[in-house]
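S.K.: Just dropping this structure here.
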Amino acid sequence: MAPQPFEKPIHVTKPFLPPIEEFVGGLEEIWDNHWLTNDGPILRRFERRLSNYFETENICLFNNGTLALQIGLQGMGISGEVITTPFTFVATTHALFWNKIRPVFVDIEPDYYTLDPDAVEAAITPWTTAILAVHVYGFPCRVDALADIARRQNLALIYDAAHAFGVNISGRPICHFGDLSMFSFHATKLFHSSEGGMLTFRDSGLKSTFDYLKNFGFKGEVEVVMPGTNAKMNEMQALMGILVLGHMKALIDRSRLIDSTYREWLKDVPGIKFPPPLSDSIYYNSAYQPVEIDAVEFGIGRDELYEALKEFNIFARRYFYPLLCDYSCYRSVEVRDPLKTARGVAQRILCLPTYPDLAITDVQRICETIAWIQKSCRDKVNIPEDKALHRHAQISSLIQ
Ligand SMILES: Cc1ncc(COP(=O)(O)O)c(C=O)c1O
């Protein structure tokens, strides 16, 4: 018998909210202070807490991660060509474009979907100034190999660490690798401040530049020293961030439990591939739950599984499909690398729901639903993939 659909939709993510009394207590402080934005006392407290958490003084907070990255590139004076990944959220490349930098898309590695250092090296030209790599899903890039290339070729090494809050390598917070890292505190992230972003950086001299750039370029009351923008984090965001930070250890533990449940309950389902277990030296945040669907072994393809799950009120997401270079906005960018791995992964990848209040019994139910779809569809779907509509109708009839 077909599993029952969930009564309420299960989305790929759902923001963690701290107990409301904690937030109300903080709002009272904001009301007393009558200070809503512009380097307020709660923002400063948040900055100090993050400084402790990340073991660095070199941090700067922003109203979102996109502007943080944009300002990071601007403040470091990056120009020309930057080698980057097509397998990420579109903001990574947008930040380059807003700085009039040409993205050079190169391939990713098959296990953890991060930039392939060999592909990076092969793409360097006299115009290359930096590498912009992404710790996608929080999986650390090959930081040593990339650092080695950056050092030998005299390139800046910048990380989009939007997904990597809380990740450590050999006990060191991930922001200690590279010249600059950007973290997103968007509500869809495991750690969030509703909206928000952060830069961490090696060169402490950059702090004042970033502070000017996020506040219109103001230096004091009557001097504007650079063409900045408005990218300041406000007091409510900082308050949410402080409160969520207090729960971070529990949030990561919970995500790890969800991950191990998915792995255990899906281990016998053919055609589902999980990223391999990480080395013991990496403390991972399990912020996302990516799996690859092999259409031949599973019986139907990723897109059909994605659609079939919706019938059960389960809303997985195809992060990151399409590749950025395939969006109409970036189709005119010349791509020399065949992107063989990235193209394959983008066709197979599916992110399953994971968020702190997803009950373990619901994770098990999602797995049972996937297993049931696999069993019902395998060998029974005989319409070729290019007849998508008929195929979809046939799958729908099987699962109803
Ligand atoms: C990889 C990546 N980079 C950049 C961003 C942009 O961050 P924000 O939404 O905070 O602007 C996001 C997420 O939203 C992301 O997933």
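S.K.: From (1) small (Gly, Ala, Ser); (2) within 16 Å of the ligand (Cβ to nearest atom); (3) assigned to a helix (DSSP H, G or I), pick out the condition that doesn't hold for Ser181.
M.R.: (3)
S.K.: Name every residue in the stretch 161-180 that is within 23 Å of Asp280 (Cα to Cα), of a type outside the set (Val, Ile, Thr) and open to solvent by less than 40 Å² (accessible area, probe 1.4 Å), in order of residue number. Step through it out loud before you land on a result.
M.R.: Going through the stretch 161-180, the residues within 23 Å of Asp280 (Cα to Cα) turn out to be 161-178.
Right, trim to of a type outside the set (Val, Ile, Thr) and you get 161-166, 168, 170-173, 175-178.
Correct list: Ala161, Ala162, His163, Ala164, Phe165, Gly166, Pro173, Cys175, Phe177, Gly178.
S.K.: Taking Ala122 as the residue in question, decide whether it is closer than 14 Å to Glu81 by Cα, open to solvent by 10 Å² or more (accessible area, probe 1.4 Å) and in contact (Cβ under 8 Å) with a residue 60 or more places away in the chain.
M.R.: Values: closer than 14 Å to Glu81 by Cα: yes; open to solvent by 10 Å² or more (accessible area, probe 1.4 Å): yes; in contact (Cβ under 8 Å) with a residue 60 or more places away in the chain: yes.
Yes; evaluated as a whole, the condition is true for this residue.
S.K.: Counting just the residues of the stretch 258-269 that are under 21 Å from the mean Cα position of the chain (by Cα) and hydroxyl-bearing (Ser, Thr, Tyr), which one comes out most open to solvent (accessible area, probe 1.4 Å)? So that I can check it myself, show each step before the final result.
M.R.: The initial filter retains those residues of the stretch 258-269 that are under 21 Å from the mean Cα position of the chain (by Cα), namely 258-260, 262-263.
Then keep just the ones that are hydroxyl-bearing (Ser, Thr, Tyr); that gives 260, 262.
Numbers: Ser260: 60, Tyr262: 0 Å².
So, considering only residues that are under 21 Å from the mean Cα position of the chain (by Cα) and hydroxyl-bearing (Ser, Thr, Tyr), the one most open to solvent (accessible area, probe 1.4 Å) is Ser260.
S.K.: Any idea which of Pro353, Pro384 is in contact (Cβ under 8 Å) with a residue 40 or more places away in the chain and part of a loop (DSSP other than H, G, I, E, B)?
M.R.: Pro353
S.K.: When you scan the stretch 1-91 for helices (runs of 4 or more DSSP H) that lie fully inside it, which ones turn up with 2 or more residues that are more than 16 Å from the ligand (Cβ to nearest atom) and either of a type in the set (Ser, Thr, Tyr) or buried (at least 22 other Cβ atoms within 10 Å of the Cβ) (or both)? Working first, answer last.
M.R.: Values: elements: 20-33, 41-54, 65-76.
By residue number, 41-54.
S.K.: So if I check each of Ile349, Ile395, Ile383, which one is closer than 11 Å to Ile300 by Cβ, buried (at least 18 other Cβ atoms within 10 Å of the Cβ) and among the hydrophobic types (A, V, I, L, M, F, W, C)? First the steps, then the outcome.
M.R.: Values: Ile349 fails: closer than 11 Å to Ile300 by Cβ; Ile383 fails: buried (at least 18 other Cβ atoms within 10 Å of the Cβ).
Every option except Ile395 fails the conditions.
S.K.: Name the residue that is farthest from Cys141 (Cα to Cα), counting only residues in the stretch 95-122 that are within 21 Å of the chain's Cα centre (by Cα), hydrophobic (A, V, I, L, M, F, W, C) and more than 15 Å from the ligand (Cβ to nearest atom).
M.R.: For the stretch 95-122, the residue satisfying everything is Val104.
S.K.: Which one of these is closer than 25 Å to Phe54 by Cβ, aliphatic (A, V, I, L, M) and either surrounded by 20 or more Cβ atoms within 10 Å (Cβ to Cβ) or at pLDDT 95 or above (or both): Ile293, Ile300, Ile272, Ile282?
M.R.: Working: Ile293 fails: closer than 25 Å to Phe54 by Cβ; Ile300 fails: closer than 25 Å to Phe54 by Cβ; Ile272 fails: closer than 25 Å to Phe54 by Cβ.
Only one candidate qualifies: Ile282.
S.K.: Which count do you get for residues in the stretch 282-341 that are small (Gly, Ala, Ser) and in contact with a strand residue (DSSP E or B) (Cβ under 6 Å, 6 or more places away or on another chain)?
M.R.: First, pick out the residues of the stretch 282-341 that are small (Gly, Ala, Ser): 286-287, 295, 299, 301, 308, 316, 328, 332.
Now restrict to residues that are in contact with a strand residue (DSSP E or B) (Cβ under 6 Å, 6 or more places away or on another chain): 316.
Here the count works out to 1.
S.K.: Within the stretch 195-233, can you find the residues that are open to solvent by 50 Å² or more (accessible area, probe 1.4 Å) and within 14 Å of the ligand (Cβ to nearest atom)?
M.R.: Listed by number, the residues that qualify are Glu195, Thr229.
S.K.: Shifting gears a bit: Being farther than 26 Å from Thr37 by Cα and within 18 Å of the chain's Cα centre (by Cα) narrows it down to one of Pro126, Pro140, so name that one. Steps first, answer last, please.
M.R.: Details: Pro126 fails: within 18 Å of the chain's Cα centre (by Cα).
Residue meeting the stated conditions: Pro140.
S.K.: Which of the following residues is over 19 Å from the mean Cα position of the chain (by Cα), open to solvent by less than 10 Å² (accessible area, probe 1.4 Å), hydrophobic (A, V, I, L, M, F, W, C) and within 18 Å of Val120 (Cβ to Cβ): Leu339, Leu309, Leu324, Leu305?
M.R.: Leu339
S.K.: Does Val136 count as hydrophobic (A, V, I, L, M, F, W, C), within 16 Å of the ligand (Cβ to nearest atom) and over 18 Å from Leu67 (Cα atoms)?
M.R.: Values: hydrophobic (A, V, I, L, M, F, W, C): yes; within 16 Å of the ligand (Cβ to nearest atom): yes; over 18 Å from Leu67 (Cα atoms): yes.
It is true that Val136 is hydrophobic (A, V, I, L, M, F, W, C), within 16 Å of the ligand (Cβ to nearest atom) and over 18 Å from Leu67 (Cα atoms).
The values are calculated or read from the model by the stated rules, or taken from the named source; none is laboratory data. What you are looking at is a predicted structure, and each value in this text was computed from that prediction instead of being measured. Note that we place each Cβ from the backbone using ideal geometry, even for glycine, and neighbour counts take in every protein chain shown. When the accessible area is computed, the model is the full protein with side chains, heavy atoms only, and any ligands, DNA or RNA have been set aside. Shrake-Rupley method; radii C 1.70, N 1.55, O 1.52, S 1.80 Å.
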